Structure formats: structure tokens, C-alpha cells
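Chemist: There's a structure below that I have some questions on.
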Amino acid sequence: MKTRLIFLYIVAIILSIIILVLAVKSSNKIEVEKKEGEEINFESSKNIKLLRSENGQIEEVNLNYYLLCTVASEIPFKYEYEAIKAQVVVARTYLFNKIVNNLEECGDVCDDYRHCQAFTDIDKLYEIWKNKGFSEQEIEEGVNKIKRAIVDTEDEIITYKGEIINALFHASSPRKTEDAKAIWSNADIPYLKSVDNIEDEDYENRETILEISYDKFKSELVNNGYIDDLSKDEFLNTNINDYTQSGRVNSVNIGKYCIKAENLRTIFNIKSTDFTINFNDENTIVFDVLGFGHGVGMSQVGANTYARRGKKYDEIIHHYYTDVDIVDEN
Ligand SMILES: [Zn+2]
């Protein structure tokens, strides 16, 4: 009799646990479905001043429209939701740092990715995505995902000791991210330190090869004022001088000159300074490259990888930016 009672007790407990789990699951599901179905109240109460590089005009655009366009331009919408949320908070922080510290000569921010963040208007992005073969539905879902991430993180920015940070980010650094100081020697920034990174291997630009002819190598370096001349022998002796702490190339010996790897990256569009140098023949230098971008701050491929492994956007941000806080900007 007693055993039967205990047995019934256990069955009752197991049943309640199952019911509880199902209830939590279905409530999550309803929440997601509701969010996907409903029209997102998206417009912010604020506008920002955007400098258009094509005509030099400053245009007032809604803050959240700016965030939508820049995030959609900077990160694939197919990325995990938590990675997109992290990118939204990073983008908002990047913008507000420009505004608070008055860093732009004209307006709050510009649309040139080489100077600020990439920015393409959403209707143009629709065309680009369609040409890439995405269906209407995929695009619609992608845009809604970004809008939701903007609303879900409304007002959130990243600070270090109460000051808004310079939220640098890049596409990929498969081994480690880079210390800002290793790239820009005057930038000893406590929250932009080299950290370990994990990246799934399905990223298309994880490993790239760049071949440059002797003539092009020499002429670009001369034209950019780095060298006066370069003999064939000197060219063939081009080699790595030293590495940064994160294992990227710091500088390269070229003839009698020693040139910062970051400068070479910019001149020749090498995807990152995590490279080795080889020669195909006596006319071609070959850079075997790992990763994409300067390597400082958040890695987007890394953010996506961590999100795939269950990390939330705030954990992702705390991973890439050392000792920071995520706060409401109001
Ligand atoms: Zn700018």
C-alpha cells in the first residue's frame, strides 16, 4: 500500500514537471509567433543627421531607420538572432559615440563604410538581396528580424566606466581578436583587448589567397610613399619582421624598409593581417590570409558562432569588449 502511494506520488510529480515544461515551451512559441505576425512599432522618437557621401548633403533620418539600414548592410540577415541583436547594440553604440563626442565634421554620422559604418538604404538592399537570389519571404523575414532586434534592445548602448565606448567590430578573426594598440599604436583602449575567439568554418572568407605581381607591389608601395624603389631581389626577400601578441603580422621587411602590416592590408586590400608570405614564381608574391578585417572588437562570424552555441547577445558583447556595461542611454 505504502509503495503504491509512493509510486503514485512519483507519477504525479513527473506529470506536473511534463505539464510545466510544455506550458513554458508553448508560451515561448506563442510569444514568437505573436511577434512575427504583429506589425513592429519600429519608429524611434529621435532623428539623426546622416551625411550622404554621394551628394555631400545632410539628411535627417529616423534613428531606428539608420540602425536598420546599417545593421542590414553590415551583417547577413541570416545570422542568428542573438548575433544580430549584438550587432544592433554595437551599431547604436558606434553611432552615439560619434554624436556624444562630436567626432564627425558634418552631421552625426556618414554613410561611408571606410569612415563610419556601412549604410545602404533598405530599398536598395532589397534589390541587392533579390539579385543575390533571396526570395521575398526570406528578405521580409530578415528585415523583420533586424527590426525586432532594434526594438528588443531599444536604447541599449555599451559603456566602459560610465563612458560610451568606441564599439569597433570586424567580420572574422578565427584565432583571436586583436588589441587596438597593436593596430593603432596611439590607441591603448582598455576595453579593446585581444580575446580568444571561436568561429565556425563555414564562413566564405575564412581563408583567402591574394596574389600580387612584382610590378603592382612595387608601384603601389611607391605611389603610397612607403618606399622609393624595390629591386627584384629585394622583392623576393620580402618577409615577416614580427608578430603582434595575438599572432597576427605586425610588420613586414620590404627591401630596406619595414612596413606595418596594417598599412599593407589597407593598400592591397589584404583581408586581414593574419597572413603568411610565399612566392609563386619570381614575379608573384602570395598572401595566405586567415579572417577578414582589422580584428579589433566584436567578430561578427564569432558572434554568430557563439549565438549558435546558445550565448545571448549580452554575453557576446561582454566577451568581445573587456569589462564593459550595457546600459540604457536615457
Ligand atoms: Zn563618417
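Chemist: From the backbone phi of segment 110-120, what are the Karplus-calculated ³J(HN,Hα) couplings (6.51 cos²θ - 1.76 cosθ + 1.60, θ = phi - 60°) in whole Hz, Gly and Pro given as x?
Modeler: 10, 9, 8, 5, 6, 10, 10, 9, 4, 8, 10
Chemist: Can you list residues whose amide H is under 5 Å from N47's amide H, if they're 5+ apart or on another chain and H is modeled 1.01 Å from N?
Modeler: L63
Chemist: Please give me, ordered by residue number, the GluC sites (Glu not before Pro) of segment 261-330 that lie in loop per DSSP and have at most 16 other Cβ atoms within 10 Å. Please report the intermediate quantities before stating the final value.
Modeler: On the way: sites: E262, E282, E315, E329; in loops: E282, E329.
Answer by residue number: E282, E329.
Chemist: On alpha-carbon atoms, Rg over Rh for segment 207-290 using Kirkwood Rh? If you can, show how the numbers build up before the last one.
Modeler: On the way: Rg = 11.6 Å, Rh = 12.6 Å.
Rounded to two decimals, Rg over Rh is 0.92.
Chemist: Now for a separate question. Restricting to DSSP loop positions (anything but H, G, I, E, B) with no more than 16 other Cβ atoms inside 10 Å of their own Cβ, which trypsin sites (Lys or Arg not before Pro) remain in segment 37-90? Walk me through the numbers before you get to the answer.
Modeler: Values: sites: K46, K49, R52, K78, K85; in loops: K46, R52, K78.
Taking segment 37-90 and a limit of 16 other Cβ atoms within 10 Å, the loop trypsin sites (Lys or Arg not before Pro) found are K46, R52, K78.
Chemist: Within segment 133-225, report the GluC sites (Glu not before Pro) that DSSP leaves as loop and that have at most 16 other Cβ atoms within 10 Å.
Modeler: Passing sites in segment 133-225 are E154, E201, E204.
Chemist: Pulled fully out, how much extra length does the chain show between N269 and Q57, if you take 0.36 nm times their separation in residues and subtract their Cα-Cα distance? Intermediate values should be presented prior to the final figure.
Modeler: On the way: separation 212, 0.36 × 212 = 76.32 nm, distance 2.88 nm.
Full extension from N269 to Q57 adds 73.4 nm.
Chemist: Please report the relative contact order for segment 207-290, taking Cα pairs under 8 Å with a sequence separation of at least 6, and give it as a percent rounded to a whole number. Don't skip to the answer; put the middle values down first.
Modeler: Details: 137 pairs, mean separation 28.7, N = 84.
Dividing the mean separation by the residue count of segment 207-290 yields 34 percent.
Chemist: Would you kindly state how much longer the chain becomes between D325 and V100 on full extension, computed as 0.36 nm times their sequence separation minus their alpha carbon distance, in nm to one decimal? Before the final figure, lay out the partial values.
Modeler: Values: separation 225, 0.36 × 225 = 81.00 nm, distance 1.72 nm.
Roughly 79.3 nm would be gained on extension.
Chemist: Further, regarding this structure: Between D233 and D288, take the C-beta separation as r, use R0 = 25 Å, and let me know the FRET efficiency to the nearest 0.05. Before the final figure, lay out the partial values.
Modeler: Values: r = 23 Å, r/R0 = 0.91.
Efficiency, from the Cβ-Cβ distance: 0.65.
Chemist: Under the rule of at least 5 residues apart or a separate chain, name every residue whose amide H is placed under 5 Å from the amide H of V296.
Modeler: Residues meeting the amide H criterion: E178.
Chemist: Next question. What percent do you get for the relative contact order of the chain when only Cα pairs under 8 Å and 6+ apart count? Intermediate values should be presented prior to the final figure.
Modeler: On the way: 534 pairs, mean separation 65.4, N = 330.
20 percent.
Chemist: Which ³J(HN,Hα) values in Hz, rounded to whole numbers, follow from the phi angles of segment 246-257 under the Karplus curve 6.51 cos²θ - 1.76 cosθ + 1.60, where θ = phi - 60° and Gly and Pro get x?
Modeler: Values per residue, Gly and Pro as x: 7, x, 7, 6, 8, 8, 10, 7, 10, x, 8, 9 Hz.
Chemist: Over segment 174-330, what is the mean sequence separation of C-alpha contacts under 8 Å (at least six apart), divided by residue count, expressed as relative contact order in percent?
Modeler: Numbers: 258 pairs, mean separation 44.7, N = 157.
Relative contact order comes out at 28 percent.
Chemist: Under the 0.36 nm per residue contour assumption, what length would be gained going from the current alpha-carbon distance of C258 and A118 to full extension? Could you put the intermediate results ahead of the total?
Modeler: On the way: separation 140, 0.36 × 140 = 50.40 nm, distance 3.19 nm.
Taking C258 through A118 to full extension adds about 47.2 nm, to one decimal.
Chemist: Apply the Karplus parameterisation 6.51 cos²θ - 1.76 cosθ + 1.60, with θ equal to phi minus 60°, to every residue of segment 68-85 and state each ³J(HN,Hα) to the nearest whole Hz, in sequence, with x for glycine and proline.
Modeler: These are the phi-based 3J(HN,Hα) values: 4, 5, 6, 5, 5, 7, 8, 9, x, 5, 6, 5, 4, 4, 5, 5, 5, 4 Hz.
Chemist: For the chain, go through all pairs of different Cα atoms, get the mean of 1/r, take its inverse, and jot down that Kirkwood value in Å.
Modeler: Numbers: mean 1/r = 0.0444 Å⁻¹.
22.5 Å is the Kirkwood radius here.
Chemist: Around N250, which amide H atoms from residues at least 5 apart in sequence, or from another chain, sit under 5 Å from its own amide H, with H modelled in the peptide plane?
Modeler: Here D242, Y243, T244 satisfy the definition.
The numbers here are math on the coordinates, done by the rules we state, and not lab data. Just so it is clear, the structure is predicted and the values come from calculations on it, not from any experiment. Neighbour counts are summed over all protein chains in view; Cβ atoms, including those assigned to glycine, are modelled from backbone coordinates with ideal geometry.
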